[in-house]
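The values are calculated or read from the model by the stated rules, or taken from the named source; none is laboratory data. Only a predicted model underlies this, so the values are computations on that prediction, with no experimental measurement involved. Cβ: placed from backbone, ideal geometry, glycine included. Neighbour counts: every protein chain shown. What goes into the accessible areas is simple: the full protein's heavy atoms, side chains included, and nothing from ligands, DNA or RNA. Shrake-Rupley method; radii C 1.70, N 1.55, O 1.52, S 1.80 Å.
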Amino acid sequence: MTVRLLNRDLVCRQAVALVTDYLDGALSRRQCRRLEAHLRQCPNCSRYLEQIRLTIDTVGHVEPEELDPAVKDDLIELYRRFHEE
């Protein structure tokens with residue numbers, strides 16, 4: 001789904017990429033407005049945001065130093081594979 005905003009389209013792939021920064025409060029006001037407008041019109045991305053919020057609430061917050069080194073390596077590898085696709 002594509003939503004027309006501020007003379008620029010925000011597509012679902014971009015919205016998904018912004019979700020964690022959005023939840024961390026790391027987006028600019030303009031980025032927040034664009035993402036929130038997309039979320040109002042896109043049920044799939046809204047559902048994704050809620051899933052991420054639920055995951056954070058369920059798992060909590062873990063600092064990288066707290067992870068077992070093997071788990072940290074697995075997560076880094078998973079992240080790399082995800083971004084290669």
Stretch gain in nm, segment C12-D24, where the contour uses 0.36 nm per residue and the Cα spacing is subtracted: 2.4 nm
message: As an exercise, use a Förster radius of 25 Å and the Cβ-Cβ distance of A37 and F82 to find the FRET efficiency, rounded to the nearest 0.05.
response: 0.45
- prompt: Got the relative contact order for the chain handy, in percent, Cα pairs under 8 Å and 6 or more residues apart?
  reply: 23 percent
statement: Magnitude of the Cβ-charge dipole (Lys and Arg +1, Asp and Glu -1) of the chain about the Cα centre, nearest 20 debye, reported as 960 debye
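Ignoring ligands, DNA and RNA, please state the percent of accessible area on the chain from carbon and sulfur, probe 1.4 Å.
Details: 3470 of 6780 Å².
Using a 1.4 Å probe with all protein chains present, the chain comes out at 51 percent carbon and sulfur.
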message: Suppose all protein chains stay in the model; what accessible area per residue would a 1.4 Å probe give for the chain, in Å²?
response: 80 Å²
- line: Cys residues of the chain with no disulfide-compatible partner (no other Cys Cβ under 4.7 Å) are C12, C32
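Mean projection of the alpha-carbon convex hull of the chain over all orientations, in nm²?
On the way: hull surface 26.3 nm².
With the hull built on Cα positions only, its mean projection is 6.6 nm².
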